[in-house]
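**Student:** Right, I'll just put the structure down here and ask away after.
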There are 2 protein chains.
Amino acid sequence: MRIGELAARAGTTTRTLRYYESRGLLPARRTGNGYRTYDEDDVRLLEQIRTLQDFGFDLEETRPFVECLRSGHPEGDSCPASLAVYRRKLTELDALISELNAVRAQVGAQLTRAEAALPGGPEPRCELTG
Amino acid sequence: MRIGELAARAGTTTRTLRYYESRGLLPARRTGNGYRTYDEDDVRLLEQIRTLQDFGFDLEETRPFVECLRSGHPEGDSCPASLAVYRRKLTELDALISELNAVRAQVGAQLTRAEAALPGGPEPRCELTG
DNA sequence: CCTGGCCTTGACGCCCACGTCAAGGATTAC
DNA sequence: GTAATCCTTGACGTGGGCGTCAAGGCCAGG
C-alpha cells in the first residue's frame, strides 16, 4: 500500500509517516516511480509506535519496540530493551504523578486559604456551623 | 535596584525579567541612562510569578495574580480572578493526574504481561511457588 | 487532452519560556 | 586611561512532533 492508505489505516497523517522515516523508525520501500510502499508488517510497526506515543513515550523510546518487532518477535515488548523502557517509564510516571499530587495539594490548600479570606466572607464547605 | 540584583534575589535571570516585561507582566521604570529600576513591590510580583511558574502555571495564568497584587491587595490570590485560575488549574491537574494514573496502570500491566512471556521464564514476584 | 487526486522533496511555522550570542553604551575601581 | 562589570536592544537557537505551504511529478478516468 502507499503512504496515504497507511496513514488513514493508522489514523495519522502522511507527514507523520515521513517524519518517522526521517528518524529511521519506519523506512519504506519504493516503487519504480519513487512512491513509498508499505506492507502489513509496517502497519504493525506503526500501530506499535502510535500506541506508545499515545502513552506519552518519546519517539526515541519506541525504537526498541520497533526493532524488536522487526527482528521477528511477535510483540514489540518481547525484548529486554523494551522492558527496560517500560521500567524507566514507570519510574518517570511515578515521579511525575507524585509531583503533580504535591502541586495539587499545594494549590488546593492555597485556594482554601484564599477563599476563607475573601471579602464575601468564608463559605463553609460543610455544615459545621452549629 | 537594577535588573541584575532583582534577578539574583529571585533566583532567576535578567533574560527572564526582560521576557516578563515584554509580555507586559513586569514593566520597569527607567533611570536617566536607560537602566531598568525595580522596587520591593516588584520583588513581590516576581516572587508571585515564580511560585506559580514552579507550580506549572502558564505565564498568562499568573497575570490575574500579578494584577491583583498591583491593585493593592496583600496577596496575589485575594481576587476572584485568581481564585478562578486556581480552580481551573485544579481541574486540569485532576484530569492530568487521572490520565497519568491510567497510563501508569496500562504500562504496568504491559510490563507484567511481557515479563511473564520472556524466554527467561516468568519470574514470580512473591513466594507463591509452593 | 485535461482534470483531479495521489505522490515527491524542501523548507518554513508553531508552541513556550526562556538561553545565548553580538555589538555596543554606562559606570565604577584602580 | 583603562579594565571590569554592569547595562541596553536585537535576533537567532532550543526541543518534539509534527502542520502547512510550494512547486512539481505520476497516473487514472472521461
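The values are calculated or read from the model by the stated rules, or taken from the named source; none is laboratory data. Quick caveat, the model's predicted, so the values are computed rather than measured. Cβ atoms come from the backbone with ideal geometry, glycine included; neighbour counts cover every protein chain shown.
**Student:** Out of (1) surrounded by fewer than 16 Cβ atoms within 10 Å (Cβ to Cβ); (2) among the charged types (D, E, K, R); (3) over 16 Å from B:Val107 (Cβ atoms), the odd one out for A:Arg63 is which?
**Tutor:** (1)
**Student:** Next question. Please determine, by comparing only the residues of segment A:48-65 that are away from chain B (no Cβ under 14 Å) and more than 11 Å from the chain's Cα centre (by Cα), which one is farthest from A:Ala81 (Cα to Cα).
**Tutor:** That would be A:Glu60.
Here's the yes/no breakdown for (1) within 16 Å of DNA strand D (Cβ to nearest atom); (2) in a helix (DSSP H, G or I):
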position	(1), (2)
B:Ile49	no, yes
B:Gln53	yes, yes
B:Ser78	no, no
B:Thr91	no, yes
B:Asp94	no, yes
B:Glu99	no, yes
B:Ala102	no, yes
B:Arg113	no, yes
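**Student:** Condition (residue is surrounded by 16 or more Cβ atoms within 10 Å (Cβ to Cβ) and without any contact (Cβ under 8 Å) to a residue 24 or more places away in the chain) applied to segment A:9-19: is it met by at least one residue?
**Tutor:** In the first step, residues of segment A:9-19 are kept if they are surrounded by 16 or more Cβ atoms within 10 Å (Cβ to Cβ); the result is A:10, A:12, A:16-17.
Next, only the ones that are without any contact (Cβ under 8 Å) to a residue 24 or more places away in the chain stay: A:16.
Yes, segment A:9-19 has at least one match.
**Student:** Still on this model: So which pairs qualify, if the first residue must be in segment A:90-114 and facing chain B (nearest Cβ under 7 Å), the second must be of a type in the set (S, T, N, Q) and part of a helix (DSSP H, G or I), the Cβ gap must be under 9 Å, and the two must be at least 6 apart or on different chains?
**Tutor:** These pairs meet every condition: A:Leu93/B:Asn101; A:Ile97/B:Asn101; A:Ala114/B:Ser82.
**Student:** Please enumerate the residues belonging to segment A:23-39 that are more than 9 Å from DNA strand C (Cβ to nearest atom) and surrounded by 10 or more Cβ atoms within 10 Å (Cβ to Cβ). Give the derivation first.
**Tutor:** The initial filter retains those residues of segment A:23-39 that are more than 9 Å from DNA strand C (Cβ to nearest atom), namely A:23-27, A:29, A:32, A:38-39.
The answer is A:Arg23, A:Leu25, A:Leu26, A:Pro27, A:Arg29, A:Tyr38, A:Asp39.
**Student:** Between residues in segment B:26-38 that are closer than 14 Å to B:Glu5 by Cβ and residues that are of a type in the set (D, E, K, R) and modelled with pLDDT of 95 or more, which pairs lie under 6 Å by C-beta distance while being six or more apart or on different chains?
**Tutor:** Listed pairs, sorted by first residue: B:Ala28/B:Glu21; B:Ala28/B:Arg36; B:Tyr35/B:Arg2; B:Thr37/B:Arg29.
**Student:** Can I ask one more? Given the conditions (1) in contact with an Asp or Glu (Cβ under 9 Å, 6 or more places away or on another chain); (2) within 16 Å of DNA strand C (Cβ to nearest atom); (3) more than 14 Å from every other protein chain (Cβ to nearest Cβ), report the number of the one that B:Arg70 does not fulfil.
**Tutor:** (2)
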